Amino acid sequence: MVLRQKDEQPDRELEEELRAKLGRIPAPLGLKSRILAEARARELRKKKPLWFSIPFARAVALVLIVVLGAAVVLEREHQRRVEGERAKEQVMLALRITGTALQTVHNRVSEER
Amino acid sequence: MRTKLWMGLFVCLGLLALPAAGQSGKQLLPPALEKELASKASESSEVTLDKKMLAFASKFMNSKDPDEAQALQLIQKLDYVYVRSYEFKKSNMYKAEDVDRIRKQFENAEWFPMIRERSSQDGESTDLYVHMVNGEMHGMVILNAEAEELTLVYILGTIHPEDLEHLGGNFGIPKHAAKAASKKMTQGAK
């Protein structure tokens, strides 16, 4: 009877060890949802093109802002030049009319003499 | 308290605007008359330039072009330019009373009537007034009233008779005409 107990001791120990090691350990909280979210994100990354990524969109927005800003500046400069040329033409016209008026004054004064 | 602050602000803004209003010259022809003359004229030219616009225009002048170089030299000393010129297809398209009203604006101590020519035959007239300050010309008015043309030139700013000589040979004006006018002005100033 003693021999049988001695033989059963290592088996029991082994069994308990195996049970402990092979036993089901509950997963940490939220593991399932994290794994599913990561899987979904991977799927989305595969489907979405480069331009949909946030850094790329920011770069495109920045380029657009710079291009629009340059267009506004160029347009304003063009308008300024157009107005400046118009003002110059007005000055030249005024001086031509003044010169003609002076000529008329001279002619009249000469006639009187 | 807030109302007093706003009133004070408006008064200050009004006072700030006064000097600017003085420097801009005046409107010699009432807008209604301008509109009437322009509608009757076969050709009309209306130019009004204050100091700011003259300075702006000067930035676009080409110093290599003889006319523009001369113009640049002239306008740098000017404060205000007001020119109205109307050409009509027939006579009596404007009233003599309107011309008299323009002349009356310069019949005061500030303006010296240098030339006053009247033609009894056709009713045409030419007037030239100058505004003198310390022996220097600071304004000029030319009023030519012809049968089929009415021209009014009103310029404020430092005008040297030699500047007028420079007009001769440029802008299509014979040299002798500008020189004679300049000589007349120099004599009148003395």
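The values are calculated or read from the model by the stated rules, or taken from the named source; none is laboratory data. Note that the structure is a prediction, hence the values are computed from the model and not measured. FYI the Cβ positions are ideal-geometry reconstructions off the backbone, even for glycines, and counts take in every protein chain you see. For the accessible areas, the whole protein counts, side chains as well, though only heavy atoms, and no ligand, DNA or RNA atoms are used. Shrake-Rupley method; radii C 1.70, N 1.55, O 1.52, S 1.80 Å.
Residues that are in contact with a Gly (Cβ under 6 Å, 6 or more places away or on another chain) and among the hydrophobic types (A, V, I, L, M, F, W, C) within region B:106-143 comprise just one, B:Met114. Total residues in region B:51-61 satisfying the condition of being within 26 Å of B:Glu34 (Cα to Cα) and open to solvent by 60 Å² or more (accessible area, probe 1.4 Å): the figure is 3.
Comparison of A:Leu31, A:Leu68, A:Leu102 shows that the only residue that is facing chain B (nearest Cβ under 9 Å) and not small (Gly, Ala, Ser) is A:Leu102.
Yes or no, residue by residue, for (1) open to solvent by 50 Å² or more (accessible area, probe 1.4 Å); (2) not charged (D, E, K, R):
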residue: B:Gln76; (1), (2): yes, yes
residue: B:Tyr80; (1), (2): no, yes
residue: B:Phe88; (1), (2): no, yes
residue: B:Lys95; (1), (2): yes, no
residue: B:Asn108; (1), (2): yes, yes
residue: B:Ser120; (1), (2): yes, yes
residue: B:Thr126; (1), (2): no, yes
residue: B:Met132; (1), (2): yes, yes
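Are any of the residues in region A:46-62 closer than 30 Å to B:Tyr82 by Cβ, more than 10 Å from chain B (Cβ to nearest Cβ) and part of a helix (DSSP H, G or I)? Lay out the reasoning, then the answer.
Let us first name the residues in region A:46-62 that are closer than 30 Å to B:Tyr82 by Cβ, namely none.
Scanning region A:46-62 turns up no residue that is closer than 30 Å to B:Tyr82 by Cβ, more than 10 Å from chain B (Cβ to nearest Cβ) and part of a helix (DSSP H, G or I).
The criterion of at least 1 residues that are more than 24 Å from A:Gln103 (Cβ to Cβ) and within 12 Å of chain A (Cβ to nearest Cβ) is met by the following strands (runs of 3 or more DSSP E) wholly inside region B:32-133: B:43-50. Among residues of region B:134-152 being more than 23 Å from B:Ser45 (Cβ to Cβ), touching a residue at least 12 places away in the same chain (Cβ under 8 Å) and surrounded by fewer than 18 Cβ atoms within 10 Å (Cβ to Cβ), the one that is farthest from the other protein chains (Cβ to nearest Cβ) is B:Gly135. For region A:67-84, state whether one or more residues are under 30 Å from B:Leu49 (Cβ atoms), modelled with pLDDT of 90 or more and open to solvent by less than 50 Å² (accessible area, probe 1.4 Å). Within region A:67-84 (the criterion being under 30 Å from B:Leu49 (Cβ atoms), modelled with pLDDT of 90 or more and open to solvent by less than 50 Å² (accessible area, probe 1.4 Å)), the answer is yes, since at least one residue qualifies.
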